[in-house]
1. One residue is enough: does region B:41-54 have a residue meeting the conditions over 19 Å from A:Y100 (Cα atoms), of a type outside the set (S, T, N, Q) and open to solvent by less than 40 Å² (accessible area, probe 1.4 Å)?
2. Which residue out of B:W93, B:W7, B:W35 is among the hydrophobic types (A, V, I, L, M, F, W, C) and touching a His at 6+ places or on another chain (Cβ under 6 Å)?
3. Any residue in region A:40-53 that is at the interface with another protein chain (Cβ under 7 Å from one of its Cβ atoms) sitting within a Cβ distance under 6 Å of a residue that is outside any strand (DSSP E or B)? List the pairs, counting only those 6 or more apart or interchain.
4. In this structure, does B:N63 turn out to be more than 14 Å from chain A (Cβ to nearest Cβ), in contact with a Ser or Thr (Cβ under 8 Å, 6 or more places away or on another chain) and assigned to a loop (DSSP other than H, G, I, E, B)?
5. Can you pull out every residue in region A:4-23 that is open to solvent by 60 Å² or more (accessible area, probe 1.4 Å) and more than 11 Å from chain B (Cβ to nearest Cβ)?
6. Could you go through region B:17-32 and let me know if any residue there is loosely packed, with under 13 Cβ neighbours inside 10 Å, within 24 Å of A:T103 (Cβ to Cβ), more than 10 Å from chain A (Cβ to nearest Cβ) and not aromatic (F, W, Y).
7. Assess whether A:T108 counts as being within 11 Å of another protein chain (Cβ to nearest Cβ) and polar (S, T, N, Q).
Amino acid sequence: ELKVEQNPLFLSMQEGKNYTIYCNYSTTSDRLYWYRQDPGKSLESLFVLLSNGAVKQEGRLMASLDTKARLSTLHITAAVHDLSATYFCAVHLGSGGSNYKLTFGKGTLLTVNP
Amino acid sequence: SQTIHQWPATLVQPVGSPLSLECTVEGTSNPNLYWYRQAAGRGLQLLFYSVGIGQISSEVPQNLSASRPQDRQFILSSKKLLLSDSGFYLCAWSQQPTDYNSPLHFGNGTRLTVT
């Protein structure tokens, strides 16, 4: 059974600070996704990470994947209030396959304070 | 471009009543379709997925069922709702053939409260 653990689950930051969210998973996977969810809303895709060492950046967010360590990180640089949301990592079990049977972490609720 | 529609947006139903949530996808053919549920304060749990008309795979034994009567239509149903069925239900799609660079796309969700 694939287990996905995110930490921290709650993160309160000051604007302008940097921080990292961690996503650990328990078994082999060939792809990992990061999503953002605003309160009461659906999930918005942020990053797709497919290979060991993959790094992607969008604005103040940067995601990386280490498949050997079974670890992905989401780094926040110089946080701003608009980044306040819940962030999920989602991992696909195994390799190949045409479906997206993803296992989600519990999410990290990020609050950026002025 | 592809869009996914899900309705209703909110629903309050008494225990023991039936349920029908509908999801349709536009702009793509033969998508894989998924129903996820998000309980309060928790991550998402995959309930069902479908790779084609009439083909349903259940991931979690429960009080719910799913059907796919048309290529781009996915329905989540229950004959008798339980309190534990409350949650945020999200329909999602992925394209076939699979493009791993493309994420799973989610609808806007239905917030179900069973009273």
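1. Let us first name the residues in region B:41-54 that are over 19 Å from A:Y100 (Cα atoms), namely B:41-42.
So of that shortlist, the ones also of a type outside the set (S, T, N, Q) come out as B:41-42.
Adding the requirement that they be open to solvent by less than 40 Å² (accessible area, probe 1.4 Å) leaves none.
No: zero hits.
2. Details: B:W7 fails: touching a His at 6+ places or on another chain (Cβ under 6 Å); B:W35 fails: touching a His at 6+ places or on another chain (Cβ under 6 Å).
Result of the check over B:W93, B:W7, B:W35: B:W93.
3. Listed by first residue and then by second, the contacts come to A:S42/B:N108; A:S42/B:G109; A:S45/B:P103; A:V48/B:N101; A:V48/B:P103; A:L50/A:R31; A:L50/B:Y100.
4. Working: more than 14 Å from chain A (Cβ to nearest Cβ): yes; in contact with a Ser or Thr (Cβ under 8 Å, 6 or more places away or on another chain): yes; assigned to a loop (DSSP other than H, G, I, E, B): yes.
In short, yes.
5. Going residue by residue through region A:4-23, those that are open to solvent by 60 Å² or more (accessible area, probe 1.4 Å) are A:5, A:7, A:9-10, A:12, A:14-15, A:17-19, A:22.
Residues satisfying the conditions are A:N7, A:S12, A:Q14, A:E15, A:K17, A:N18, A:Y19, A:Y22.
6. Within region B:17-32, none of the residues are loosely packed, with under 13 Cβ neighbours inside 10 Å, within 24 Å of A:T103 (Cβ to Cβ), more than 10 Å from chain A (Cβ to nearest Cβ) and not aromatic (F, W, Y).
7. Details: within 11 Å of another protein chain (Cβ to nearest Cβ): yes; polar (S, T, N, Q): yes.
Spelling it out, A:T108 is indeed within 11 Å of another protein chain (Cβ to nearest Cβ) and polar (S, T, N, Q).
Results for (1) modelled with pLDDT of 95 or more; (2) open to solvent by 50 Å² or more (accessible area, probe 1.4 Å); (3) closer than 29 Å to B:T3 by Cβ, shown as yes or no for each residue.
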position	(1), (2), (3)
A:S42	no, no, yes
A:A54	no, no, yes
A:E58	yes, yes, yes
A:I76	yes, no, no
A:S84	yes, no, yes
A:Y87	yes, no, yes
A:N99	no, no, yes
A:T103	no, no, yes
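The values are calculated or read from the model by the stated rules, or taken from the named source; none is laboratory data. Just so it is clear, the model here is predicted, and its values are computed rather than measured. Note: ideal-geometry Cβ built from the backbone for every residue, glycine included; neighbour counts use all protein chains shown. Side chains included, ligands, DNA and RNA excluded: accessible areas come from the protein's heavy atoms. Shrake-Rupley method; radii C 1.70, N 1.55, O 1.52, S 1.80 Å.
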